[in-house]
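Since every read-out is calculated from the coordinates, none of them should be taken as a lab result. This structure is a prediction, so every number in the text was calculated from the model and none was measured. Neighbour counts are summed over all protein chains in view; Cβ atoms, including those assigned to glycine, are modelled from backbone coordinates with ideal geometry.
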Amino acid sequence: MSETVLRARQLTKRYNRHLALDRIDLTVRKGSIYGFIGQNGAGKSTLMRIAAGLAHPTSGSVELFGASEGAKLVTARRRIGTTIETPALFPHLSATENLEIYRLQQGIRNRSRIRETLSLVGLADTGSKKSAEFSMGMKQRLGLAIALMSEPDMLILDEPTNGLDPLGVVELRELLRGLNRETGLTILISSHILSELDQMATDYGFIHQGRMLEQLSASELQTKCRQYLHIKVDNPELALSVIRKGLLSAEYELEPDGSIRLYGGFKRAGSVSSLLFSAGLEIEQFTPVGEQLERYFSRLIGGAAYA
Ligand SMILES: Nc1ncnc2c1ncn2[C@@H]1O[C@H](COP(=O)(O)OP(=O)(O)OP(=O)(O)O)[C@@H](O)[C@H]1O
């Protein structure tokens, strides 16, 4: 079984009469990139703040690197880097100067860590350029550098893609993937846009109105969102042989009821149906099935809202 870095059990947070988190269970595995998905106000920041020790839960518990209370939990929290409530950047200072101030504030002895960290986030060549002149993406990277200065084992990033243009989102994704791959860093990252974390997250948790709706791995999500043509004909064996001959590299499954799932067949629906017709097959059903990631998310929260 893989090691767990963060585990929330029945985590609940109440602000007066408002229930921001309602008995949340969440597990972040070591070395994973956990995509925490929810609309604005769903409770993502609240959970992250509790995990980082910036807020107290009303009830329930948090376990970090195996520690769940007292001094051990405080020590475990030193292994986290986060962009929540990190100090504001000094706009008139360069990236190196900003990190130097942070290094002194935090008592980090190793001065060469500044250069290392700037290389990690791709800001090593920014020289004396003031952070005020940085693009939004560069500012995000500098914020990330601050979070990485103490060589954390886990990063907690609250909506880091906010304000980035599509290219900036792709760059951040590549950067985080690289850090995860090369240093084994575990990352908990939130977003209200599921597709932004696609091709990056290894695990997902969906939160809505303070409740965890679903937690699943990236491959489970892909399977759920995989698109296929559902085909039912009078002679499935013949249909399969026609498909095999007519469509190179066709991926399909024969269901117990004799229907066929032809994966990725959406775009080729026209040629598939004419192939089947030409073979004299009688088509009883021919339906595209599956959905886009974003639609999956809206259906999930729609279901929760109307349950
Ligand atoms: N300090 C607070 N006092 C009162 N209510 C709060 C406080 N912090 C958060 N809330 C409420 O708790 C709910 C969850 O907020 P939270 O910030 O965790 O959501 P979120 O998913 O991070 O959304 P966003 O992306 O908008 O930050 C919201 O309804 C919010 O208004």
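Cα to Cα, under 29 Å, and not fewer than 8 places away if on the same chain: which lysines meet these conditions relative to Lys13?
The qualifying lysines are Lys30, Lys44, Lys72.
For Lys130, list the aspartates and glutamates whose Cα falls under 16 Å from its own Cα; do not include residues on the same chain fewer than 8 positions away.
Lys130 reaches Glu97, Glu100.
So which trypsin sites (Lys or Arg not before Pro) in the stretch 263-296 are both in a DSSP loop and have at most 13 other Cβ atoms within 10 Å of their Cβ?
Of the trypsin sites (Lys or Arg not before Pro), the ones in loops of the stretch 263-296 whose Cβ has at most 13 other Cβ atoms within 10 Å are Lys267.
Full extension from Lys267 to Arg17: what is 0.36 nm times the residue separation minus their Cα-Cα distance, to one decimal in nm?
Between Lys267 and Arg17, full extension yields 85.0 nm more.
Taking the Cα-to-Cβ direction at Ile101 and at Gln199 and moving 7 Å from each Cα, how far apart do the two end points lie in nm?
Inter-label distance under the simple model: 3.6 nm.
Where Lys and Arg each count +1 and Asp and Glu each count -1, what net charge lies around Asn180 among other residues with Cβ under 13 Å from its Cβ? Spell out each step's value before the answer.
Values: positive: Arg29, Lys30, Arg173, Arg177, Arg181; negative: Asp153, Glu174, Glu182, Asp203.
Net charge around Asn180: +1.
To the nearest µm²/s, what D does Stokes-Einstein give for the chain at 4 °C and 1.567 mPa s, using the Kirkwood radius over alpha carbon pairs as Rh?
It diffuses with D of about 59 µm²/s by this estimate.
Using a Förster distance of 45 Å, how high is the FRET efficiency between Leu248 and His192, based on the Cβ-Cβ distance and rounded to 0.05?
Result of the calculation: an efficiency of 0.65.
What are the lysines whose alpha-carbon lies under 25 Å from the alpha-carbon of Lys267, with same-chain residues fewer than 8 places away excluded?
Of all the lysines, those that pass the test against Lys267 - Cα under 25 Å, at least 8 places apart if same chain - are Lys224, Lys232, Lys245.
In whole percent, what relative contact order does the stretch 4-215 give with Cα contacts below 8 Å and a gap of six or more residues? Spell out each step's value before the answer.
Numbers: 396 pairs, mean separation 67.6, N = 212.
This gives 32 percent for the stretch 4-215.
For the stretch 134-199, just the Cα set please: Rg and Dmax, both in angstrom.
So, for the stretch 134-199, Rg and Dmax equal 11.3, 30 Å respectively.
Please compute, over every Cα-Cα pair in the stretch 21-152, the percentage with a separation greater than 18 angstrom. It would help to have the intermediate numbers written out before the result.
Working: 5217 of 8646 pairs.
Everything past 18 Å amounts to 60 percent.
How big is the antiparallel share of DSSP beta bridges in the chain, given as a percent to the nearest 5?
Details: 35 of 51 bridges.
Here the share of antiparallel DSSP bridges comes out near 70 percent.
I want to check the label-to-label distance for Arg299 and Thr75. Put each point 7 Å from Cα in the C-beta direction and report it in nm to one decimal.
So the two model labels end up 4.8 nm from each other.
Just Asn98, Asn180, Asn110 to compare: in a GNM of the chain, with alpha carbon springs under 10 Å, which one fluctuates most?
Asn110
Mind giving me the nanometre distance, one decimal, between the label points for Glu182 and Ala67, set 7 Å out from Cα along Cα→Cβ?
2.9
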